Amino acid sequence: MLCELLKLLIEQQLRSTLGQVAKEKGLSHKFSKDGIPGERFMGNFLKRNNDLTVRIAEPTHGGRATLTKERILNFFTTQKEQLLTDEKLTENDFTNPDLWFNCDETMIRYDPPLPVLAQRGSKIV
């Protein structure tokens with residue numbers, strides 16, 4: 001039941017988006033009078049794109065979603081420099097696995113997971 005509701009939600013969002021894009025780009029179409037593709041269009045669309053499926057996206061905090069490799073490297077470089085000067089650590093301390101730990105204290109979900117249209121078999125959604 002939930003899966004069917006999610007599928008319906010995705011289809012409605014996709015139909016609405018396609019109608020908006022066609023209107024913005026001035027494309028001629030045979031959509032309904034309100035400019036939104038009908039159920040027949042969606043059925044044919046999903047047949048043509050049978051590699052698509054409805055999936056639940058992994059929740060991601062907005063700040064985490066905007067991270068780049070450069071920002072992450074800059075953060076850890078700054079942290080390392082601070083530890084070397086303030087805590088008087090040495091370069092060898094960073095390669096000693098007995099001093100490492102890995103944890104996430106928060107376990108807080110920031111964004112609720114939402115259904116998305118994804119390619120079948122994709123691991124990251």
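What's the FRET efficiency of GLU24 with SER122 using the Cβ-Cβ distance as r and R₀ = 30 Å, to the nearest 0.05? Before the final figure, lay out the partial values.
Details: r = 28 Å, r/R0 = 0.93.
For GLU24 and SER122, the calculated efficiency is 0.60.
I need the calculated FRET efficiency for the pair MET42 and ASN74, taking r as the beta carbon distance and R₀ as 35 Å, to the nearest 0.05. Each step should come with its number before you reach the end.
Details: r = 45 Å, r/R0 = 1.28.
Between MET42 and ASN74 the formula returns 0.20.
Any read-out appearing in this document is the output of simple, stated calculations on the displayed coordinates, not a laboratory observation. The model shown is predicted, which means the values in this text are computed figures rather than measured ones. Positions of Cβ are backbone-derived with ideal geometry, glycine not excepted, and every protein chain shown enters the neighbour counts.
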